[in-house]
Amino acid sequence: MTGTGQAFTLRAFAVGALGALTIAVGDPYATMVLRGSYMALDFSTPGALFLLLILAGCLNPLLRRLAPAWSLAPGELLVVYIMMTTASAVSTMGLVAYMLPLLTAPFYFATPENNWENLIQPHVPGWMVPQGPEVVKGFYEGAALGQGVPWAAWVPPLLHWAVLLLALYVVMVCAMVLLRQQWVEHERLLYPVAQVPLEMVRDQAGHVLPPFFRNPVMWAGFALPVVASTLQALHAYFNFLPPAELVAILPFFRNTVSLVCRISFPMIGFSYLIDLDIAFSLWFFNLLAHLLQGVMNVLGIGSTEKLAPFGAWEKPILAHQATGAMAVLVLLGLWVARPHLRVVWRQALSGGGAQPRELLSYRAALLGLVGGLGVMALWLWWAGMPLWVASLLVVIALLVFVGLTRVVVEAGMAEAMSPLIATAVLVSGLGSTLLGPAAMVNLGFVYVWQGDLRTFLMASCAHGLKLGEHLGQRLRPLLWAMGLALLLGVVASTITLLHLAYQYGGINLNAWFFGPGCQMPFAFIADKLNTPTGPNWEGWTHTATGALVMGLLMLARHQWPWWPLHPLGYPMAVTFITDQIWLSIFLAWLIKLAVVKYGGPQLYHRTRPFFLGLIAGQFAVAGLWLVIDYLTGMTDNVVFWI
């Protein structure tokens, strides 16, 4: 990119902080009160791209014309975007929308039937959760007239949780610092999600608008989701208008398997940016997983194991196989990276080399990684989990985070989730009897930071470091920008959600986060406490099978250049998210295959803006209708979900 200009300026930090606050306050309100389109649900961070569209396409060009000295350079716009994506990773789905309900769910939803009062509550340390039945009741049913948020009950446990979360986020940032050069420079991964903001801010001398906004091909793609989503939104206002039907469900194998055929404009756009073999493998392995599941259902082959939610937990056999494949993906990836990791180790020990292109020195990153993992393990031990269990949990969780981040940055899966989370791996692999009641109950609270993994800071940091290539030779200030955005995001979204819960009552807000989302983890824990289990050896067998298949796929790709199946598609094939987006990936693959075959690279580059427009148009219209719904008082008008 040319003409990035100075990036780390005071105004960039100020605008970025304002954008982070907008997301931290606006996203919880949109998700909980308006219950409209989700703007921080997944790795695509729609809210951040929506605000960048306004800033780069409207406000900044206006400033360039009226007050050029006040306009932001492309580098400054990228800093603003990185700060907004950082806030997006914690504002709802990534942390706060799960954390606050999970801290209170074991008390509010306890009934004589589920016996949580005896099974779960005795093992919950008082410092971990807000105390007092009225505090919990007010959170779900609204505060009494004239009363607001009981801060005295909430601040102490939140400060205790802040220690764990700070250690977690240090680990995530340090891991990405240690792997950045390997992924970006040595393996040259694509980072498709980062390509959209880059195009939005790309400058051209002599023009007020960036080329992205002057491209008619982009606007043609932009118009498609705008029209479709507007029809969907208008149907909510005027039910006599037909909605745009973008999803169909086809049952197969005696109605035991359903194939979801959904058109997702952003996923078509992101998938057009990735390699053809990756796109092919993603939809091919998903259809193969449907076929295998259907055959097993018809033949009566299955598993009675109850896995911990979420991921592919309802398909135990395939979930275990995908988990084994994910483990091989991460471990072999680290094996391939060993020359780089040796350099990291030597420089960390010697202290040599300043690494100006990194957020931290390798020594600081390595110390932060090890120290952060240690703090997390000690915190969990303090909460009642045996230290060996806590240590194993944080290591498995780190591998899951790294593996899923790798999938996002290489495969462009802006919508993705892990086949199993660390809790499921531990309970299935070791058994609830060995772990014990205290550890099991604490595994329910672990869902605060490693439950429904659809967005988290590590992925936002990875994309921020990729964009950092365009911010000059010294990246240390980016760490402060991200830290400021993270602090604002966590604090502002926590305050916002607490105010909304005590004002409206949590059970009147988002039905998922204040319903099944916070109850399912503890229902699973209670079930395991009622009927303790040992290690699931069948699960270990399926995990080993998945690892073997993944190893063979990676070997085939290494040995045979013509091999058409990319290993990345195998571990992601069985998840709920891939079930929803396989058709969009297929369409992007089919179109790109025809374009490259008959038009070559030149035609691909000419059509690329159209698919970027699909992404920008969907997020723009989703944000626009949230604003309209806020002004009109409309609720439950979801024009974009995935």
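Every read-out reported here was derived from the displayed coordinates using simple, explicitly stated rules and does not represent laboratory data. Remember, it's a predicted structure, so these values are computed and weren't measured experimentally. Every residue, glycine as well, gets a Cβ built from its backbone with ideal geometry; the counts of neighbours run over all protein chains shown.
Does the stretch 9-48 come out rounded, prolate or oblate by the C-alpha gyration tensor, with a ≥ b ≥ c the root eigenvalues, rounded set by a/c under 1.5 and, if not, prolate when a/b is larger than b/c and oblate if not?
Here the stretch 9-48 falls in the oblate category.
Could I get the Rg over Rh figure for the stretch 187-269? Both from C-alpha atoms, Rh via Kirkwood, rounded to two places.
1.14
Using helices alone, what [θ] at 222 nm do you get for the chain, with -39,500 (n - 2.57) per DSSP H run of 4 or more residues, divided over all residues and rounded to the nearest 500?
That calculation yields -21500 deg cm²/dmol at 222 nm.
For an R0 of 41 angstrom, estimate the FRET efficiency from the Cβ-Cβ distance between Gln559 and Trp480 and round to the nearest 0.05.
0.35
Starting from the Cα of Thr541, step 7 Å along the direction of its Cβ; do the same at Ala244; then give the gap between the two resulting points in nm.
About 4.9 nm separates the two model spin labels.
Using only alpha-carbon positions, what ratio does the radius of gyration of the stretch 388-486 give when scaled by 2.2 N^0.38 Å?
1.31
With only alpha-carbon atoms in the gyration tensor, what are the semi-axes of the equivalent ellipsoid for the stretch 223-321, in Å, largest first?
They are 32, 20, 13 Å, listed from largest to smallest.
Show me the ranking of peptides 290-301, 20-31 by mean Cβ neighbours inside 10 Å, starting with the highest.
Order by mean packing, descending: 20-31, 290-301.
Ignoring solvent entirely, what values of log10 I(q)/I(0) come out of the Debye formula for the stretch 442-498 at 0.15, 0.26, 0.27, 0.31 Å⁻¹ when each Cα is a single scatterer?
Listed by q, the Debye log ratios stand at -0.61, -1.11, -1.13, -1.20.
Can you spot the aspartates and glutamates whose alpha carbon is less than 17 Å from Lys528's alpha carbon? Ignore those fewer than 8 places along the same chain.
Glu113, Glu117, Glu305, Glu314
What's the exposure ranking of Arg606, Arg180, going from fewest to most Cβ atoms within 10 Å?
Arg606, Arg180
Normalized C-alpha radius of gyration of the stretch 325-375, against 2.2 N^0.38 Å?
1.29
Taking a ≥ b ≥ c as the square roots of the Cα gyration tensor eigenvalues, with a/c under 1.5 meaning rounded and otherwise prolate when a/b beats b/c, else oblate, which class fits the stretch 435-572?
Here the stretch 435-572 falls in the oblate category.
Over the chain, what is the relative contact order in percent, taking alpha-carbon pairs closer than 8 angstrom and at least six residues apart?
33 percent
Using the Kirkwood formula over every pair of different C-alpha atoms, what hydrodynamic radius in Å results for the stretch 492-642?
When all Cα pairs of the stretch 492-642 are included, the Kirkwood radius is 21.3 Å.
If you wrap the stretch 69-222's Cα atoms in a convex hull and average its projection over all directions, what's the area in nm²?
The directionally averaged projection comes out at 16.9 nm².
If I take the Cα coordinates of the chain and project them onto the principal axes, what are the three extents in Å, biggest first?
Ordered largest first, the chain gives principal extents of 70, 69, 67 Å.
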